[in-house]
Every structure is written in C-alpha cells, then in structure tokens.
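Down below is the structure, laid out as structure tokens.
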C-alpha cells in the first residue's frame, strides 16, 4: 500500500488532508449494540435513519463543520454504504474506523478461539483483522469490502485493562504502525499505563489519541499532563455532557485554556461523542455542532484565541488523521 501523508481515508476514498476543515474526531453515526439488530423491539428503518443523520450532518456543516469521524469500529452498527450516501448528500467528509473493544462488547468468536483452555486473540491476529480493513476496504458482512478505514480505534474496560483489552491495544498499535493510520482509544482506569502499552509497540506517540480525558477522575489523577508529556493527543470527547462522571463545559473550557497556556495546544482534540442514531442503548443526542455553537464561545471567553481554536479544531485532527 502506498502511503501519502497529505491524504486522509474517507468513506468516499482518500481526500487531501487540507480539505477536512473543522473535524469532530470522536462521534457515532449509527450505533447498534451488538445483538440489538436481532431484537423484536428494535427497528432499523434505513430511510428513517438516513433522514435523521442527514439533518444532523447538515446542521454540523451549516455551523462550519467539515468532517465527522465515526469511531464506533467494526461491529457496532457501522454501515459503510449508508455513510457513503450521507457524505454525498451532505458534503460532510466521513472518516470511518476499524477496531473493536472493550472486551465486554466483543462477540464470543473474538473471546474464545478454539484453544484449550480458551485464550484471548493474540495482538497479531487482531492486527491482521484491522489492517485488511485499511488496505483492502471495510467489511460489509458476508457481502463485500468497500472503502478504506481511516482510523483504528479501541476501548479499554472502565474498571481496568483486561488481557483481551491489552491484546486489542497492541493489535491496534501494530495496525497503525503497519498501515500509516492513527490510533485512538478510550481509556479505562489508568490512561498513562494504557498508553504505554501502545507505545511499547514502537508506534510514535503523535499517532495516538487518548479519549475519555474530560472525565473528572482523569483530571484529578493528572492523566492529561501524563499523556501530554508522552507526546500523545489529549481527546476531550464528551463536550456538552455534564454529569456525575464528566466535567461541565465551563470546567472543560478552563481546562483547555490551562493546557494552551502550558504549551499543549498542538495536542488537544475536541468532540461531542454524540450518537446520531442509537439502537439498543441510550443515545447521546447532542448535536454534532455543539463544539462550534456552544463550546468555542466558552473557549474564547476563557482567553483562548482564534488561532489556537483553529489549531485545535482543524490542524490537530488533520495532522493526526493524515496517512504516514
């Protein structure tokens, strides 16, 4: 595979990185809890889903958005044909992802291969699965492969990294290293330790984005500074969510301003973590445009200048997603 560091893999094929515009780096378009597609009380009306997502993407574009990264991975409702149609209809670039995790959301096939006793898949096997989705196209189950994934993503169990989570992290790192894509993961309990597992596979830190870092416990334990010190991207991916687990937007804006003053502007990434359409689980139904309409004014009120805002919303995700 030829790697061009000026292009990003979208569902409609590679595009120049400079054309991405404002990027929301960690969203979900169609998110289906594995198994929900078979439930008697769940409907998957493609026309209705298309209409709902079209409206949300057009709103994002109307407020200045350019690119949505769907970070759901392989088996959580990802619909490549639907995303192709949405991108053509709205003009929004869509970057889809490969990857799986955390362990609790893996299907049994990936948890209990035919070994005695059962053992987690090795990292190399996950890497082979993920890498083909980048080099040969994303799988449409039992039908075909289509456009290339533009990101490899995984998540670590919230209570702490399991052996399978570690295998997923290492497999994702090997995939990113072999294909030139970036890696993002949602941290579980110890962000710096989990990042060290990825870096142990010799993936450069600037090819990694660590998500979940606008959780209160991440701030309390100094996780953001540890991630920045290693050179990875700090992903605040629940902008707009204000609950017992996460910061408020005002606290997030203050945090971003502090990170900018500390010289970490080029490591900050922002996203809503919204779910356009959810099946089988509750949706985060905030608009994808929330960062642009609500959070950017808060940043400016906290003294973050326009150049820094543009760096965070455009240049940082562009640099992360560009193939190397």
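Could you check the stretch 48-72 and list, in sequence order, the residues that are out of contact with any strand residue (DSSP E or B) (no Cβ under 6 Å at 6 or more places or on another chain) and touching a residue at least 60 places away in the same chain (Cβ under 8 Å)?
Let us first name the residues in the stretch 48-72 that are out of contact with any strand residue (DSSP E or B) (no Cβ under 6 Å at 6 or more places or on another chain), namely 48, 50-51, 54-55, 57-63.
Hits for the stretch 48-72 are 57, 59, 60, 62, 63.
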The residue that is farthest from residue 291 (Cα to Cα), considering only those in the stretch 228-241 that are touching a helix residue (DSSP H, G or I) at 6+ places or on another chain (Cβ under 6 Å) and assigned to a helix (DSSP H, G or I), is 230
Determine which member of the set 120, 113, 141 is at pLDDT below 95 and buried (at least 16 other Cβ atoms within 10 Å of the Cβ). 120
In the stretch 279-297, what residues are surrounded by 19 or more Cβ atoms within 10 Å (Cβ to Cβ) and either modelled with pLDDT under 95 or assigned to a helix (DSSP H, G or I) (or both)? 279, 290, 291, 292, 295, 296
May I ask you to say which residue of 173, 178, 127 is surrounded by fewer than 19 Cβ atoms within 10 Å (Cβ to Cβ), touching a residue at least 24 places away in the same chain (Cβ under 8 Å), part of a helix (DSSP H, G or I) and in contact with a helix residue (DSSP H, G or I) (Cβ under 9 Å, 6 or more places away or on another chain)? 178
Looking at the stretch 261-275, which of its residues are over 20 Å from residue 185 (Cα atoms) and not in a helix (DSSP H, G or I)? 262, 263
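Given the structure, is residue 148 touching a strand residue (DSSP E or B) at 6+ places or on another chain (Cβ under 7 Å), surrounded by 14 or more Cβ atoms within 10 Å (Cβ to Cβ), touching a residue at least 40 places away in the same chain (Cβ under 8 Å) and assigned to a loop (DSSP other than H, G, I, E, B)? Working first, answer last.
Working: touching a strand residue (DSSP E or B) at 6+ places or on another chain (Cβ under 7 Å): yes; surrounded by 14 or more Cβ atoms within 10 Å (Cβ to Cβ): yes; touching a residue at least 40 places away in the same chain (Cβ under 8 Å): yes; assigned to a loop (DSSP other than H, G, I, E, B): yes.
Yes.
When the residues of the stretch 18-33 are narrowed to those that are under 21 Å from residue 73 (Cα atoms) and not in a strand (DSSP E or B), which ends up modelled with the highest pLDDT?
Residues of the stretch 18-33 that are under 21 Å from residue 73 (Cα atoms), as a first pass: 20, 23-33.
Those left that are additionally not in a strand (DSSP E or B): 20, 33.
Numbers: 20: 98, 33: 88.
The extreme case among them is 20.
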Among the residues of the stretch 50-67, are any within 13 Å of the chain's Cα centre (by Cα) and modelled with pLDDT of 95 or more? yes
Please count how many residues of the stretch 34-57 are surrounded by fewer than 17 Cβ atoms within 10 Å (Cβ to Cβ) and in a helix (DSSP H, G or I). 9
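Taking the stretch 298-309 on its own, how many of its residues are assigned to a loop (DSSP other than H, G, I, E, B) and either crowded, with 22+ Cβ neighbours inside 10 Å or in contact with a helix residue (DSSP H, G or I) (Cβ under 7 Å, 6 or more places away or on another chain) (or both)?
Initial filter on the stretch 298-309 (assigned to a loop (DSSP other than H, G, I, E, B)): 302-305.
From what is left, the residues that are either crowded, with 22+ Cβ neighbours inside 10 Å or in contact with a helix residue (DSSP H, G or I) (Cβ under 7 Å, 6 or more places away or on another chain) (or both) are 302-304.
Count: 3.
Have a look at 194, 201, 133, 166 and point out the one that is touching a residue at least 12 places away in the same chain (Cβ under 8 Å) and either at positive phi or in a loop (DSSP other than H, G, I, E, B) (or both). Let's see the steps before the verdict.
Values: 194 fails: either at positive phi or in a loop (DSSP other than H, G, I, E, B) (or both); 133 fails: either at positive phi or in a loop (DSSP other than H, G, I, E, B) (or both); 166 fails: either at positive phi or in a loop (DSSP other than H, G, I, E, B) (or both).
Just a single option satisfies the conditions, and that option is 201.
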Taking into account only those residues within the stretch 1-17 that are at pLDDT 95 or above and touching a helix residue (DSSP H, G or I) at 6+ places or on another chain (Cβ under 9 Å), which is surrounded by the fewest Cβ atoms within 10 Å (Cβ to Cβ)? 12
Report yes if some residue within the stretch 242-253 is touching a residue at least 60 places away in the same chain (Cβ under 8 Å) and outside any helix (DSSP H, G or I); otherwise report no. no
Contact list, first residue from the stretch 262-273 and at positive phi, second anywhere and surrounded by 19 or more Cβ atoms within 10 Å (Cβ to Cβ) and at pLDDT 95 or above, beta-carbon distance below 6 Å, six or more apart or interchain, is 273/26; 273/237; 273/238
Counted residues in the stretch 81-109 being within 19 Å of the chain's Cα centre (by Cα), within 29 Å of residue 188 (Cα to Cα) and surrounded by fewer than 19 Cβ atoms within 10 Å (Cβ to Cβ) come to 2
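The values are calculated or read from the model by the stated rules, or taken from the named source; none is laboratory data. Everything numeric here is computed off the predicted structure, so don't read it as measured data. We place every Cβ from the backbone using ideal geometry, glycine too, and count neighbours over all the protein chains shown.
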